[in-house]
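Student: Submitted below is the structure of interest, expressed as structure tokens.
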Amino acid sequence: MQRKALRHKAKMELALKWSEWKTVWTIVFFDLPVITKEQRHDYAQFRKGLLELGFNKLQYSVYARHLGTDERAKHFSKAIENMLPPEGQVRILTVTGKQFENQIIFEKTRRKKPENEPIQLELF
């Protein structure tokens, strides 16, 4: 009985380590012009679209979302592509959960931990 529990624990630890490399975060970087009223409107609409897709602001013009799988990341990349403003530059980067976890963040002069993966499951 105890051996079975130990094997189960080892399997769960392996699955957790594997999932760190399998889950993904999508990061969107953008540099959009905001000189004219129309450009500011396009910027605001793009930013609002990212928020509606569930992205969170990491810093100015950098938004991220944990998406779980590469397939979902591709789906969201396509959704972002469909709402691109006519001017400026947008970059979409997908990294594994482990790579995201390994980032080094400083706020002012203090080191800060990266955002955690969400605990809850998304149903849609």
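Quick grid of which residues meet (1) farther than 20 Å from T23 by Cβ; (2) polar (S, T, N, Q):
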{"position": "G68", "(1), (2)": "no, no"}
{"position": "E71", "(1), (2)": "no, no"}
{"position": "A79", "(1), (2)": "no, no"}
{"position": "L84", "(1), (2)": "yes, no"}
{"position": "Q89", "(1), (2)": "yes, yes"}
{"position": "K98", "(1), (2)": "no, no"}
{"position": "N102", "(1), (2)": "no, yes"}
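Student: Considering (1) out of contact with any helix residue (DSSP H, G or I) (no Cβ under 6 Å at 6 or more places or on another chain); (2) farther than 27 Å from Y43 by Cα, say which one T96 fails and leave the rest.
Tutor: Going through (1) out of contact with any helix residue (DSSP H, G or I) (no Cβ under 6 Å at 6 or more places or on another chain); (2) farther than 27 Å from Y43 by Cα one by one, T96 breaks only (1).
Student: Every residue in region 66-106 that is among the basic types (K, R) and modelled with pLDDT under 95, please.
Tutor: Matches in region 66-106: R72, K98.
Student: Pick out the one residue from F46, F106 that is out of contact with any Leu (no Cβ under 9 Å at 6 or more places or on another chain) and of a type outside the set (D, E, K, R). Before the answer, list the steps.
Tutor: Working: F46 fails: out of contact with any Leu (no Cβ under 9 Å at 6 or more places or on another chain).
None of the others qualify; the one that does is F106.
The values are calculated or read from the model by the stated rules, or taken from the named source; none is laboratory data. The shown structure was predicted, so the numbers you read here are calculated from the model rather than taken from an experiment. For neighbour counting, all protein chains shown are included, and Cβ atoms are generated from backbone atoms with ideal geometry for every residue, glycine included.
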